[in-house]
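The values are calculated or read from the model by the stated rules, or taken from the named source; none is laboratory data. Quantities reported herein were computed from a predicted structural model and do not represent experimental measurements. Note that each Cβ is placed from the backbone with ideal geometry, even for glycine, and that neighbours are counted across all protein chains shown.
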Amino acid sequence: MGLDIAFDAFHGAYTAFDRFKKCIAWAIGGSYPPHLIENENGYVRNEYGMVKYNTKLDEDIWYFNNEVYDLKSDSGIVVLLSCASSSNGEINCSMCDKLAVELEGLLPKIQEYENIFGSSGHLKRDGGYVEVTKRFIDGCKEAVKAGKSLEFR
C-alpha cells in the first residue's frame, strides 16, 4: 500500500511523499510539517540527540519566505504543497505544465537539500530527492502530453 501518482510520477509511501514536499518547501525557503529546526549542518538536535521542533509554527499548514522565492497563488508549487497525501487527489493538466517548469528551476536547491539532509526509505530507493523530482517532472510532462490530470491513486 502506498501512493501511486499517474504517469509514473511517484510511487512510494505517503510519508515519503510528505518528505518530498518538505524538500520542495525548503527549496523555496519554507517549511512543511513537521516543522523541524534546521541549519546548514542538518537538523538541530537537543542534548539527548532528539530533533528539535519549531513549536512556533502551526503543524497543520506549510510556510514559505517570499523573499527567497516569489510564490504566486496560481503556482504549481502551491498546488503541490497543498495536495493532501491521499489516493484521491489530482493536479490538473494546465497546472502540471507550470509545476514542471517550477520544479526544474528548483533542482539546484533540491540538490543542496539532499547534500545537507540526505534521503531515506522510498526516496533513497528511487535515487534521492533530485531523481524523485526529475521523475515527478517527467510525470507532469507526460500528463500534459496526454491532456490529462496527474491523478493520485
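When residues in the range 31-41 are screened for being loosely packed, with under 13 Cβ neighbours inside 10 Å and either at pLDDT 75 or above or in a strand (DSSP E or B) (or both), 1 of them pass.
Looking at this structure, is Tyr129 at pLDDT 95 or above, under 14 Å from the mean Cα position of the chain (by Cα) and among the aromatic types (Phe, Trp, Tyr)?
Values: at pLDDT 95 or above: yes; under 14 Å from the mean Cα position of the chain (by Cα): yes; among the aromatic types (Phe, Trp, Tyr): yes.
For Tyr129, the condition - at pLDDT 95 or above, under 14 Å from the mean Cα position of the chain (by Cα) and among the aromatic types (Phe, Trp, Tyr) - is met.
Considering only the range 132-153, state which residues are surrounded by 15 or more Cβ atoms within 10 Å (Cβ to Cβ), among the hydrophobic types (A, V, I, L, M, F, W, C) and more than 12 Å from the chain's Cα centre (by Cα). Within the range 132-153, Cys140, Ala143, Val144, Leu150, Phe152 meet the criteria. The selection criterion, being in contact with a helix residue (DSSP H, G or I) (Cβ under 6 Å, 6 or more places away or on another chain), at pLDDT 95 or above and either polar (S, T, N, Q) or closer than 20 Å to Gly12 by Cα (or both), does not hold for Val79. When the residues of the range 126-153 are narrowed to those that are free of Cβ contacts under 8 Å to residues at least 40 places away in the same chain and not small (Gly, Ala, Ser), which ends up nearest to Gly29 (Cα to Cα)? Applying the filter and picking the extreme gives Val130.
Of all residues in the range 116-125, those satisfying the criterion of being surrounded by 17 or more Cβ atoms within 10 Å (Cβ to Cβ) and not polar (S, T, N, Q) are Phe117, His122, Leu123. Which ones in the range 99-111 are surrounded by fewer than 19 Cβ atoms within 10 Å (Cβ to Cβ) and without any contact (Cβ under 8 Å) to a residue 40 or more places away in the chain? Residues satisfying the conditions are Val101, Glu104, Gly105, Leu107, Pro108, Gln111.
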